[in-house]
Amino acid sequence: MFVRTTIGTALFTAMVAGCSFGPESQPQMIPESQQQNLNEATSSNEVDAGFGRVYLQRSESTGGSVLTGVRRNISSDPFDIVQVLLSGPTKAEQEAGLRSAIPASTEVLSARYVASDLVKVDLTNEIFKATGDDLVSSVTQIVLTLCDISGIERVIIVVNGQVNEWPKGDGSLTSQPLTAYDFPGRAISSQPAFPAIVNTLNR
């Protein structure tokens, strides 16, 4: 009788311990498949919200110019984004001193993903009406606008399907995919300042 009671008590204790949510319980990791589903749901909501950003040029009092991002109520589809960029600034933005370095007659023939982080943009040859610094700014506007879309890190620009060399921020030419890092200092950064690093080792 004593043995039977002891076994029953042990089984009861094990069941209670198995259902415990006390301090010793460990957090459960979400499987990668479920994490991906959550990310996809978030991306879908962002697209439905319809907010994007395009980069336009603003003249500085020093005589130079800088690019700045302005909001647009559009999807995150690359073709739509480029079309809106090529349409130039709104009347209100023009009155605020914003303009586009991209020639107004330039048209986008296609803008599509060719890899998960790479978009290929095909433009008409009117883009070459921009020369010198305006051509650099035009390319920068396209690259920064597309790289503002989550997941896009590289942009290939072709003209009527043909590969061309494009100027980077330092003036060098390349036919390779362009990134936002190829144009340092050409745009106002929306990134907050890094917090100060405090050295606690010598305290």
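Computed values, structure above
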{"quantity": "Cβ charges +1 (Lys, Arg) and -1 (Asp, Glu), total dipole of region 47-181, debye", "calculated": "100 debye"}
{"quantity": "Principal axis dimensions, largest first and in whole angstrom, of region 109-156 by Cα", "calculated": "31, 19, 11"}
{"quantity": "Mean shadow area of region 47-181, taken as a quarter of the surface of its Cα convex hull (nm²)", "calculated": "8.1 nm²"}
{"quantity": "Relative packing of 64-77, 128-141, which averages over residues the other C-beta atoms within 10 Å, highest first", "calculated": "128-141, 64-77"}
{"quantity": "Residue-span extension gain [Thr179 to Leu109] - 0.36 nm each, minus C-alpha spacing", "calculated": "23.1 nm"}
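Read the figures in this text as sums done on the coordinates, not as results from a lab. Because the structure is predicted, anything quoted here is derived from the model rather than measured. Quick reminder, even Gly has a Cβ in these numbers, built from the backbone with ideal geometry, and neighbours come from all protein chains shown.
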